[in-house]
Amino acid sequence: MINALKTPPCNYLISGRVDVFNVIQNKLSKQRILSIRPHATIILVYDIDVKDDSKLIENVEVLKKHGFNNIFHIQSVANFEDEILFTCQIKNIHQLFQTQGLDEFKTNFIHCNNILNKLATVNFEINKLWTRKTKELPFSKYIKNQINDIKK
C-alpha cells in the first residue's frame, strides 16, 4: 500500500525505501539499523490494536541513539483492515476481494497488481487514510499520528 501511495500517478506520500518490519513486536537489530542511510527520515506505520508499546518505544530510542531524529508515526486505528473500511464504502473487508478469511484477504491485497484501482472500485477516499486520532492508551498518551507531516 505504501509503495502504491508514494509512486506515480498517486504521489500521495513522500518517496523512499520501504522496509517491512514489525516495530511493535520486534527489536531492531544492529544490522537493520546500520542498513539505514544516515540522516534518513524514518516513517513508522503500525497498528494500534496492541496494548504494549514497550518495543516501539525501545526501537524509537535506539533509532534516536543512532542519530535518526526525523521519525514519524503513522497509526492504523485499530488495524490496517479497519483503515480500509473507514476509507471505502464497504461494510465488510471481505467485500473488496470476495474473500472468506483474513489471511485470504491479506494475500489478495498484497498480490493485487494495482491496489489503488481496486480500492477505487469501492470508492476509496485517500484523504481519510490514517487520519483518525486514537483514544487508546498507551498510544494516545504521547505518540501523535503524523500522517499530515509526510503527505506531499
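The values are calculated or read from the model by the stated rules, or taken from the named source; none is laboratory data. Owing to the predicted nature of the structure, the values given are computational and were not obtained by experimental measurement. A quick note on method: Cβ atoms are made from the backbone with ideal geometry, for glycine too, and the neighbour counts reach across all protein chains shown.
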task = Return yes or no: is ASP82 touching a Ser or Thr at 6+ places or on another chain (Cβ under 9 Å), surrounded by fewer than 18 Cβ atoms within 10 Å (Cβ to Cβ) and not in a helix (DSSP H, G or I)?
result = no
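Quick grid of which residues meet (1) touching a Leu at 6+ places or on another chain (Cβ under 7 Å); (2) among the polar types (S, T, N, Q); (3) surrounded by 12 or more Cβ atoms within 10 Å (Cβ to Cβ):
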residue	(1), (2), (3)
GLN31	no, yes, no
LEU34	no, no, no
LEU56	no, no, yes
VAL60	no, no, yes
HIS73	yes, no, yes
ALA78	no, no, yes
GLN89	no, yes, no
THR99	no, yes, yes
GLU104	no, no, yes
key: Only listed residue being out of contact with any helix residue (DSSP H, G or I) (no Cβ under 6 Å at 6 or more places or on another chain) and modelled with pLDDT of 90 or more, chosen from ILE36, ILE24   = ILE36
query = Which ones in the stretch 131-143 are surrounded by 12 or more Cβ atoms within 10 Å (Cβ to Cβ) and in a loop (DSSP other than H, G, I, E, B)?
reply = THR131, ARG132, THR134, GLU136, PRO138, ILE143
request  = Could you list, in sequence order, all residues of the stretch 114-129 that are in contact (Cβ under 8 Å) with a residue 24 or more places away in the chain and closer than 21 Å to HIS73 by Cα?
outcome  = GLU125, ILE126, LYS128, LEU129
ask   = Name the residues in the stretch 22-51 that are of a type outside the set (Ser, Thr, Tyr) and within 22 Å of THR131 (Cα to Cα), would you?
value = ASN22, VAL23, ILE24, ILE42, ILE43, LEU44, VAL45, ASP47, ILE48, ASP49, VAL50, LYS51
message = Can you find, within the stretch 106-130, the residue that is surrounded by the most Cβ atoms within 10 Å (Cβ to Cβ) among those that are at negative phi and assigned to a loop (DSSP other than H, G, I, E, B)?
response = LEU129
